[in-house]
């Protein structure tokens, strides 16, 4: 059966016939949880759920226990539901894995078996057990891959959630909320609920500015962006705000480094006559939801030489090593690095 994404799940459910087995995976936690709730709402036995529903912790249960639950006939219901959370095929022994293969190859329509990844597992390839298990589930059932949604898809989720709250927010303001608060959907929906409560149903741009806090990711990225654009004062203001919020210097540097890596990639790609779309394709899902920022990197990369970008990267790397090994205050190290980044840019001019 085909692998689907979250956006296709409702259409799949509307067919009315469940797959015998599902794997809910992917890097977006909100979409994984939402997918599980949608399947439970549709296929959870309404009658005597205490006899027809079982949930296992995959890190503690055995495959024998799962198989026994799946093979038990439903009691006065069309089917049972069995949910297994965070079963890692890489962690079970060979005998148990063979039993898992046997189970997945002999499923009936009297049970809906759902493997749900609470946390994100490392990427699976076709040669390991995770990859093999995924391929087997795809063969007999449905894999729901909850990838990081694009900015447009996040805006769709925000506007749809606003309607469910009987609130009104324009697509432009929903997009602004994402830019300001980051793309973590759980956090965005929490901010949306807060705004709805404060605004009485009509959410405006001014209300977003007055009642939400920029995410650390956004602030740290803006810090890097101000350095790249030569905005010294603005950069130090943001740096001070991050310190006042007790943000870990290592976290700030990690996000800043990502912005400079984007800039360097854009510079090299431009020299090879490649576009932002080309870079996004080369690095796969790394730029999902960050396409706009990547286009800004292509714009800004024209201003600086490859030598300067390499110098900046070296300074960032050296600061990272100092933060992780030195007893010097991280605030001092970051401020010293910031000055160094601006000095390098001045020398180029």
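The values are calculated or read from the model by the stated rules, or taken from the named source; none is laboratory data. Quantities reported herein were computed from a predicted structural model and do not represent experimental measurements. For neighbour counting, all protein chains shown are included, and Cβ atoms are generated from backbone atoms with ideal geometry for every residue, glycine included.
Worth a mention:
- Matching residues, segment 186-214, being modelled with pLDDT under 90 and under 23 Å from residue 33 (Cα atoms): 186, 187
- Filter pass, residue 134 being without any contact (Cβ under 8 Å) to a residue 40 or more places away in the chain and on the phi < 0 side of the Ramachandran plot: no
- Answer residue from segment 286-312, given it is exposed (fewer than 12 other Cβ atoms within 10 Å of the Cβ) and assigned to a loop (DSSP other than H, G, I, E, B) and is modelled with the highest pLDDT among those: 305
- The set of residues in segment 166-188 being in contact (Cβ under 8 Å) with a residue 40 or more places away in the chain and over 17 Å from residue 152 (Cβ atoms) consists of 186 alone.
- Residue check for residue 315: buried (at least 16 other Cβ atoms within 10 Å of the Cβ) and without any contact (Cβ under 8 Å) to a residue 60 or more places away in the chain: yes
- Within the option set 207, 167, being surrounded by 15 or more Cβ atoms within 10 Å (Cβ to Cβ), under 20 Å from residue 30 (Cβ atoms) and outside the structural domain of residue 250 (by TED's automatic domain parsing) holds for one residue only, 167.
- Matching residues, segment 14-39, being surrounded by 15 or more Cβ atoms within 10 Å (Cβ to Cβ) and under 18 Å from residue 108 (Cα atoms): 18, 19, 20, 21, 22, 23, 39
Each row is one residue, and each column tells you yes or no for (1) touching a strand residue (DSSP E or B) at 6+ places or on another chain (Cβ under 6 Å); (2) more than 27 Å from residue 185 (Cα to Cα); (3) not in a loop (DSSP other than H, G, I, E, B).
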site: 38; (1), (2), (3): no, no, yes
site: 69; (1), (2), (3): yes, yes, yes
site: 77; (1), (2), (3): no, yes, no
site: 100; (1), (2), (3): no, yes, yes
site: 114; (1), (2), (3): yes, no, yes
site: 118; (1), (2), (3): yes, no, no
site: 132; (1), (2), (3): no, yes, yes
